[in-house]
1. Could you check the stretch A:236-252 and list, in sequence order, the residues that are without any contact (Cβ under 8 Å) to a residue 60 or more places away in the chain and crowded, with 17+ Cβ neighbours inside 10 Å?
2. From the list B:THR69, B:THR121, pick out the single residue that is hydroxyl-bearing (Ser, Thr, Tyr), within 14 Å of chain A (Cβ to nearest Cβ) and on the phi < 0 side of the Ramachandran plot.
3. Just checking, which of B:MET122, B:MET157 is aliphatic (A, V, I, L, M) and touching a His at 6+ places or on another chain (Cβ under 6 Å)?
4. Looking at B:ALA132, B:ALA136, B:ALA126, which one is touching a residue at least 60 places away in the same chain (Cβ under 8 Å) and of a type outside the set (Val, Ile, Thr)?
5. For the list (1) within 30 Å of A:VAL49 (Cβ to Cβ); (2) buried (at least 20 other Cβ atoms within 10 Å of the Cβ); (3) within 11 Å of chain A (Cβ to nearest Cβ), I need the number of the one condition that B:THR52 fails.
6. Let me spell it out: the conditions are (1) out of contact with any Asp or Glu (no Cβ under 6 Å at 6 or more places or on another chain); (2) within 11 Å of chain B (Cβ to nearest Cβ), and A:PRO75 meets all of them except one. Which number is the exception?
7. When you check B:GLN117 against the structure, is it closer than 20 Å to B:ASP23 by Cβ and either touching a helix residue (DSSP H, G or I) at 6+ places or on another chain (Cβ under 9 Å) or aromatic (Phe, Trp, Tyr) (or both), yes or no?
8. In the list B:GLY142, B:GLY168, which residue meets the criterion of being modelled with pLDDT of 95 or more and within 22 Å of B:VAL60 (Cβ to Cβ)?
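The values are calculated or read from the model by the stated rules, or taken from the named source; none is laboratory data. From a predicted model like this one, the values you see are computed outputs, not experimental measurements. Every residue, glycine among them, receives a Cβ derived from its backbone with ideal geometry; neighbour counts consider all protein chains shown.
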Protein chains: 2
Amino acid sequence: MVGNPTACVLVIGNEVLSGRTQDANIRFLATRLGELGIPVREVRVIPDVVETIVATVNEVRARFDHVFTTGGIGPTHDDITSECVAMAFGVPWEKHPEAWARMERHYKPGEFNAARQRMATMPRGASLIDNAVSIAPGFTIGNVHVMAGVPRIMQAMFDSLAPSLAGGPPIVSRAVHAQGVMEGRIAEGLAAIQAAHPALDLGSYPYYRAAGNGVAIVAKGNDPAEAEAAIAAVTVLMAGLGASPVQGEPPV
Amino acid sequence: MVGNPTACVLVIGNEVLSGRTQDANIRFLATRLGELGIPVREVRVIPDVVETIVATVNEVRARFDHVFTTGGIGPTHDDITSECVAMAFGVPWEKHPEAWARMERHYKPGEFNAARQRMATMPRGASLIDNAVSIAPGFTIGNVHVMAGVPRIMQAMFDSLAPSLAGGPPIVSRAVHAQGVMEGRIAEGLAAIQAAHPALDLGSYPYYRAAGNGVAIVAKGNDPAEAEAAIAAVTVLMAGLGASPVQGEPPV
């Protein structure tokens with residue numbers, strides 16, 4: 001995964017920071033971007049505060065190949081992502097003719113009011129991300145992709161955006177798990193397997209289920225054969241402790 | 001909430017960034033810390049990479065009153081949070097006598113092996129956070145609280161830590177919701193209510209349910225009477241549009 005383009009996800013919204021809302025966007029984006037070969041290397045959840053959004057966008061767009069933001073592009077006073085991205089890029093925040101036209105067509109006469117017009121106001125130079133659910137588009141400027149926070153709308157926007165993203169080799173994943181195995185007993189052997197496969201990320205994840213506790217080992221990387229070789233070695237390690245390893249992740 | 005102490009949550013683990021694992025710790029900590037009057041102002045999810053962990057810990061411990069980390073304190077090769085925190089503080093990473101004694105008592109003779117001994121190795125000066133679930137403690141050093149990633153263990157550690165945290169006035173929350181109301185129609189009125197209550201955070205959250213779509217408005221702040229006044233004004237605003245507002249959050 002060393003040569004893959006990288007992604008940062010920026011979740012913008014007080015509702016996640018206050019605990020009101022369980023985020024559902026991080027896992028979706030992490031999974032889909034991994035499949036595209038654009039692994040997520042960092043996530044930040046930040047509040048609806050102008051200075052924080054501007055500074056964070058500028059920091060992460062310089063450090064990662066792609067930035068994906070979710071949240072803050074609706075019509076209400078707490079939706080300030082779009083103008084903050086314009087500030088971050090130092091460009092005017094202005095009427096986007098195509099977004100404006102789409103929304104004007106969508107609303108009845110008189111209903112495309114000032115609040116809704118804010119959703120058709122974007123940083124100069126933005127290109128639209130289609131919204132098949134509720135019209136108001138997201139947008140891309142530079143390497144920053146600005147999407148809605150509502151999961152259903154965000155997912156539709158990502159589906160529309162994905163074909164245009166230049167990915168790297170897909171990240172593949174192989175796993176094995178075994179009940180009754182404790183991390184502390186396989187740690188030494190695992191470390192040796194990781195050392196033998198430096199191009200892989202070998203993760204160790206204990207699980208606690210009604211059917212029994214155990215540990216899952218997951219190998220991630222660009223090369224399926226190498227991931228399978230590492231998992232085969234882990235399987236031998238687990239079996240050597242008297243366990244009965246099963247290929248794949250444990251059932252949910 | 002202006003004078004409240006602030007918190008940053010640091011989720012450390014490749015498994016959240018890869019989409020393998022749905023994070024369950026952010027919402028728990030955000031909710032509990034809000035109740036303690038220590039609002040979470042930022043969350044970061046970062047990978048198991050030494051330089052990233054060290055740099056991030058040093059950045060956020062300078063910017064926030066408290067930092068809560070989850071993940072990376074188990075016995076395997078990918079558990080590197082503890083030694084990274086020692087590096088961040090510039091102190092030795094060494095045997096913690098009390099943690100060591102607790103774990104030595106817990107394991108059968110010969111089972112407190114090198115991998116498990118790593119879990120009793122901590123930054124010099126760390127004070128323990130009890131682990132009622134699986135013995136191996138977390139720890140606090142300076143304003144950084146280092147906890148497990150497994151939600152059940154993290155929650156037990158937080159319960160043990162919470163009484164020692166000096167909080168501020170609790171963050172209270174009041175809400176109203178109404179079916180059939182669209183954000184674009186109440187946005188202007190909401191902005192005026194927010195402007196009249198600058199000490200509150202007024203959030204607007206559309207919802208999509210089988211029983212009907214609508215919007216929930218949530219007021220958060222330190223003063224229950226002010227939150228109630230703002231929600232009363234929102235209720236009047238919604239009713240003026242012909243809706244039937246209901247106090248509280250919409251049912252899940």
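1. A:LEU237
2. B:THR121 is the lone residue from the list that is hydroxyl-bearing (Ser, Thr, Tyr), within 14 Å of chain A (Cβ to nearest Cβ) and on the phi < 0 side of the Ramachandran plot.
3. B:MET122
4. B:ALA136
5. Single failed check for B:THR52: (2).
6. A:PRO75 satisfies every listed condition except (1).
7. no
8. B:GLY142
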